[in-house]
Amino acid sequence: MSRLSGAHGGTIPTVAVALSAALLLAGCSGGSGSGDDASGAGDPGTVTLVTHDSWALDEKLIDQFEQESGTTVEVSAAGDAGTLVNQLVLTKDAPLGDAVFGIDNTFASRALEAGVVEEYTPADLPEGAEQLGGALTPVDQGDVCVNADEAWFEESGLDVPTTLEDLADPQYKDLLVVTNPATSSPGLAFLLATIGAFGEDGFEDYWASLVDNGVKVADSWEDAYYVDFSGAGEGGERPLALSYATSPAFTVSEDGSESTTSALLETCFRQVEYAGVLAGSDNPEGARALVDFLLTHDVQAALPESMYMYPADAAVELPADWQKFAPQADAPFEVDPADVSEHRDEWIERWTETVVG
């Protein structure tokens, strides 16, 4: 998954993912993950967390849990969320680590069907947080939406588009960058938004209209947002980019009165990110404890500022400026999860034929 890093739009989270060998976890409290080694005798060992390139967490939390547990958590980034799931499936018989974070609801059925995660339900699952298959535990959620560079549109004299149909209007030709649904979870989320909007029989025509209107396709969210998007402050040239509804909370002016970007809330698909214990893990007890750790109040409260997503625990207080700059869509587009499971690969192939050729 993919998010801005640093308050008010800092550097890309790939820096934060170099958290190198030290997220820390612990035989910390919670669930059945404490295991027999929780007595304090000996080294609790190492837990490897396999995640996407945008994993980030407040270093104070990392330090705190490192001191409390003595357990070292090595973070292994496997690309964007789509690539992450593909890698987990390919390495099922020789898992890349012990726990996983970053499988989302667009790719979850693939992971479950391949059996890459084992069943585990944390004791402190937040109220209203629904597991998938008894194995994937929700950690955060947010809306994938097109973002607009407000300053660019003001300077150009163009109105900011609002709907999916607007994006195909010739006045917005060569302005939009999205991500590839075969490799990017935001890309797949946006493809599903268009299927939810135009139907299984109409989404290809819609994408053909975007191609005619000069849409650019990037392989990852990082490339789309930080290389191509003019609103990221990195020299990009396209004022419309696929990102998250929370992104505008991190492109706020110095006085905090306004954001230089906005999310088009009529273009959204709601994404949920999950954690789980990898089947065949060398340290399943530590992996279960890590899943528990991701649901603790301190971690959930840190997610808006570190991962830039809404926490799975709805009782957690959100940053004050989120209501103004990072509201969620009232009616995000939806696709039945069973249909996603059955048709995801087919839809990606049809998208590829239409858009890439």
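The values are calculated or read from the model by the stated rules, or taken from the named source; none is laboratory data. This one's a predicted model, so the numbers in the text were calculated from it and none came from an experiment. Backbone-built Cβ (ideal geometry, glycine too); neighbour counts: all protein chains shown.
Per-residue answers, yes or no, for (1) in the same structural domain as Arg110 (by TED's automatic domain parsing); (2) at pLDDT 95 or above:
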site: Arg238; (1), (2): no, yes
site: Ser247; (1), (2): no, no
site: Asp255; (1), (2): no, no
site: Leu264; (1), (2): no, yes
site: Leu294; (1), (2): yes, no
site: Glu305; (1), (2): yes, no
site: Ala312; (1), (2): yes, yes
- Tally the residues that are under 13 Å from Ala218 (Cα atoms), modelled with pLDDT of 95 or more and touching a Ser or Thr at 6+ places or on another chain (Cβ under 7 Å), restricting the search to the range 167-186. 1
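Is it true that some residue in the range 126-135 is part of a helix (DSSP H, G or I) and hydrophobic (A, V, I, L, M, F, W, C)?
Checked against the condition, which is being part of a helix (DSSP H, G or I) and hydrophobic (A, V, I, L, M, F, W, C), the range 126-135 yields no hits at all.
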- Any residue in the range 117-140 that's within 15 Å of Leu278 (Cβ to Cβ): show its pairings with residues that are of a type in the set (Val, Ile, Thr) at Cβ separation under 6 Å, as long as the two are six or more apart or on different chains. Glu118/Val277; Tyr120/Val277; Ala135/Val117; Thr137/Val291
- Taking the condition assigned by TED's automatic domain parsing to the domain that holds Gly45, of a type outside the set (Phe, Trp, Tyr) and closer than 27 Å to Gly97 by Cβ, does Pro284 pass? yes
- Among the candidates Gly82, Gly97, single out the residue that is in the same structural domain as Glu285 (by TED's automatic domain parsing), in a loop (DSSP other than H, G, I, E, B) and not β-branched (Val, Ile, Thr). Gly97
- Hits in the range 44-53 - residues which are at pLDDT 80 or above and part of a loop (DSSP other than H, G, I, E, B): Gly45, His52, Asp53
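Can you pull out every residue in the range 143-152 that is buried (at least 19 other Cβ atoms within 10 Å of the Cβ) and either outside any strand (DSSP E or B) or at positive phi (or both)?
If the condition is that a residue be buried (at least 19 other Cβ atoms within 10 Å of the Cβ) and either outside any strand (DSSP E or B) or at positive phi (or both), then Trp152 is the only one that fits.
Here's the yes/no breakdown for (1) surrounded by fewer than 22 Cβ atoms within 10 Å (Cβ to Cβ); (2) free of Cβ contacts under 8 Å to residues at least 12 places away in the same chain; (3) of a type outside the set (Asp, Glu):
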position	(1), (2), (3)
Glu154	yes, yes, no
Leu158	yes, no, yes
Thr163	yes, no, yes
Val178	no, no, yes
Ala182	yes, no, yes
Pro186	no, no, yes
Phe190	no, no, yes
- Message: If I go through the range 100-125 residue by residue, how many of them are of a type outside the set (A, V, I, L, M, F, W, C), part of a loop (DSSP other than H, G, I, E, B) and closer than 17 Å to Gly79 by Cβ?
- Response: 1
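Here is a check on your reading of the model: is Val227 over 25 Å from Val340 (Cβ atoms) and assigned to a helix (DSSP H, G or I)?
Spelling it out, Val227 is indeed over 25 Å from Val340 (Cβ atoms) and assigned to a helix (DSSP H, G or I).
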- Could you tell me whether Asp330 is surrounded by fewer than 14 Cβ atoms within 10 Å (Cβ to Cβ), assigned by TED's automatic domain parsing to the domain that holds Pro248, touching a residue at least 60 places away in the same chain (Cβ under 8 Å) and not hydrophobic (A, V, I, L, M, F, W, C)? yes
- Selection within the range 106-129 - buried (at least 23 other Cβ atoms within 10 Å of the Cβ) and farther than 22 Å from Gly45 by Cβ: Thr106, Phe107, Ala108, Ala111
